[in-house]
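Have a look at the structure below, then the notes.
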Amino acid sequence: MVKINNNYLKLPGSYLFSTIAKKVSTYTEENPDKKLIRLGIGDVTQPIAPAIIEALHGAVEEMGNGETFHGYAPDLGYGFLRELIAKEDYGSRDCPISADEIFVSDGAKSDCGNIQEIFDENCKIAVCDPVYPVYVDSNVMAGRTGEYDEKTGKWSNVIYMPCTAENNFIPKLPEEVPDLIYLCVPNNPTGTTLTRDQLKIWVDYANENGAVILYDAAYEAYISQEDVPHSIFEIKGAETCAIEFRSFSKNAGFTGVRLGFTVVPKALVREEVSLHSLWARRHGTKFNGAPYVIQKAGAAVYSTEGKAQLKEQVTYYMRNAEVIYNGLMEAGCQVYGGVNAPYIWLKVPQGMTSWEFFDCLLQEAGVVGTPGSGFGPSGEGYFRLTAFGTYENTVEAIERMKKCLPSLYK
Ligand code: PLP
């Protein structure tokens with residue numbers, strides 16, 4: 001009789017967004033005439049920019065012609081895209097990264113979920129708390145996290161690094177040294193970041209202790225402040241201790257198109273083994289390359305028109321972030337994030353849980369957000385709103401919230 005991977009059964013409850021979907025569907029059945037505004041899931045709403053659509057059309061035409069047809073893509077990505085990424089994302093910021101250290105993929109979720117495969121099953125992981133749930137869940141599936149405690153919401157073999165208003169959302173170096181350190185900067189869900197100096201502390205710590213930093217920079221395009229690095233490789237020494245994940249989802253609206261990349265420097269070696277070759281082996285064995293058409297679209301992200309159009313899109317979303325941030329401040333909330341990230345993180349009224357606030361906002365304002373507790377135990381007492389809606393809906397949501405929130409925060 002076949003045995004299943006029992007670790008999957010350890011994953012608690014249903015996934016955050018499916019619980020939200022159920023509550024929303026009950027609400028819409030009970031309130032068929034009310035307009036619901038969704039500021040919950042971090043999906044984009046603006047259409048793909050014209051320069052990228054043009055590149056997509058061109059590549060589709062190529063696929064219909066025997067002379068220009070493309071079959072399997074190279075496992076690690078087409079040279080034209082890897083060269084562009086190396087030059088535009090890294091060369092322009094003086095990061096010591098070359099094209100052959102870039103692995104093109106179908107998005108950051110797969111890569112940051114799969115990366116743990118190249119590490120030993122007994123590696124100890126550390127995560128910021130709260131954070132994007134994929135890091136912990138993928139390690140649960142691999143049997144690396146120990147037992148789950150329903151009361152605390154924690155796994156026994158995971159080091160949690162709380163990031164709350166009390167420590168300005170800056171994780172403290174853990175007392176017990178982890179093997180793998182997941183950092184998500186700008187952070188989903190708090191929308192907060194680390195400065196160059198703050199990140200340097202982590203790079204030095206990882207190098208001193210032989211740990212590896214798994215750096216998720218999916219929201220890099222939203223960084224607006226000068227002292228916030230766009231890549232961990234801006235920090236001296238990161239090439240010997242860090243792997244970076246990037247996505248085309250949030251800077252270019254590729255959530256439904258799928259493209260991302262991971263940077264594994266050749267200088268990153270553990271136990272005398274190059275992690276670059278391990279990841280190349282893994283990628284080549286389990287992934288058959290991102291589609292040519294999509295990689296051509298990815299290249300258009302770096303064209304002059306593409307850059308200008310995408311800058312406009314980011315500005316559009318960040319105007320929403322400002323509307324949310326300012327509106328919530330006026331309503332008397334404590335608000336964080338929203339300056340270098342499309343997420344706004346707010347403290348829920350005293351005495352309420354994140355889920356109680358979710359229900360209250362849904363019933364009173366018809367607005368859907370995300371309860372902070374879904375992102376980790378230290379997310380309890382907080383709530384996430386996204387700037388990825390349309391401007392009109394965002395303004396309306398905030399007007400509604402301004403009517404019902406002030407009485408809750410008294
Ligand atoms: N990393 C973080 C921190 C995210 O929030 C998300 C998506 O919301 C992803 C990765 C997934 O990116 P992709 O669409 O490239 O898979």
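Restricting the first member to segment 1-21 and to residues that are part of a loop (DSSP other than H, G, I, E, B), and the second to residues that are open to solvent by less than 50 Å² (accessible area, probe 1.4 Å), the beta-carbon pairs closer than 7 Å and six or more apart or on different chains are L11/D137; L11/V140. When segment 212-227 is limited to residues that are surrounded by 22 or more Cβ atoms within 10 Å (Cβ to Cβ) and part of a loop (DSSP other than H, G, I, E, B), the one that is farthest from the ligand (Cβ to nearest atom) turns out to be A217.
Please note which strands (runs of 3 or more DSSP E) are completely contained in segment 66-167 and include at least 3 residues that are within 16 Å of the ligand (Cβ to nearest atom).
Working: elements: 102-105, 125-129, 158-162.
Answer list for segment 66-167: 102-105, 125-129.
When T240, T304, T262 are checked against the criterion of being within 16 Å of the ligand (Cβ to nearest atom) and at pLDDT 95 or above, a single residue qualifies: T262. Considering A308, A299, the condition of being closer than 17 Å to I102 by Cβ and among the aliphatic types (A, V, I, L, M) is satisfied by A299 alone. The C-beta contact set for segment 132-150 (first residue among the aliphatic types (A, V, I, L, M), second residue in a loop (DSSP other than H, G, I, E, B) and at pLDDT below 95, distance under 6 angstrom, 6+ apart or interchain) comprises V140/L11. Going through segment 83-111 one residue at a time, which ones are in contact (Cβ under 8 Å) with a residue 24 or more places away in the chain, open to solvent by less than 40 Å² (accessible area, probe 1.4 Å) and closer than 21 Å to E239 by Cα? I85, D89, Y90, C95, I97, E101, I102, F103, V104, S105, A108, D111 - these are the residues of segment 83-111 that are in contact (Cβ under 8 Å) with a residue 24 or more places away in the chain, open to solvent by less than 40 Å² (accessible area, probe 1.4 Å) and closer than 21 Å to E239 by Cα.
Considering only segment 115-131, state which residues are touching a helix residue (DSSP H, G or I) at 6+ places or on another chain (Cβ under 7 Å) and touching a residue at least 60 places away in the same chain (Cβ under 8 Å).
So in segment 115-131, the residues touching a helix residue (DSSP H, G or I) at 6+ places or on another chain (Cβ under 7 Å) come out as 116-118, 125, 127, 129-131.
Result: Q116, E117, I118, V127, D129, P130, V131.
Out of the residues in segment 243-256 meeting the condition of being more than 9 Å from the ligand (Cβ to nearest atom) and of a type in the set (G, A, S), tell me which one is surrounded by the fewest Cβ atoms within 10 Å (Cβ to Cβ).
As a first pass, look at segment 243-256 and keep what is more than 9 Å from the ligand (Cβ to nearest atom): 243-244, 251-253, 256.
So of that shortlist, the ones also of a type in the set (G, A, S) come out as 252-253, 256.
Details: A252: 26, G253: 21, G256: 9.
Restricting to residues being more than 9 Å from the ligand (Cβ to nearest atom) and of a type in the set (G, A, S), the top hit is G256.
Screening L405, L346 for residues that are part of a helix (DSSP H, G or I) and open to solvent by less than 10 Å² (accessible area, probe 1.4 Å) leaves exactly one candidate, L405.
The values are calculated or read from the model by the stated rules, or taken from the named source; none is laboratory data. Please read all numbers here as calculations on a predicted model, not as lab measurements. Neighbour counts are summed over all protein chains in view; Cβ atoms, including those assigned to glycine, are modelled from backbone coordinates with ideal geometry. Heavy atoms of the whole protein, side chains included, go into the accessibility calculation; ligands, DNA and RNA do not. Shrake-Rupley method; radii C 1.70, N 1.55, O 1.52, S 1.80 Å.
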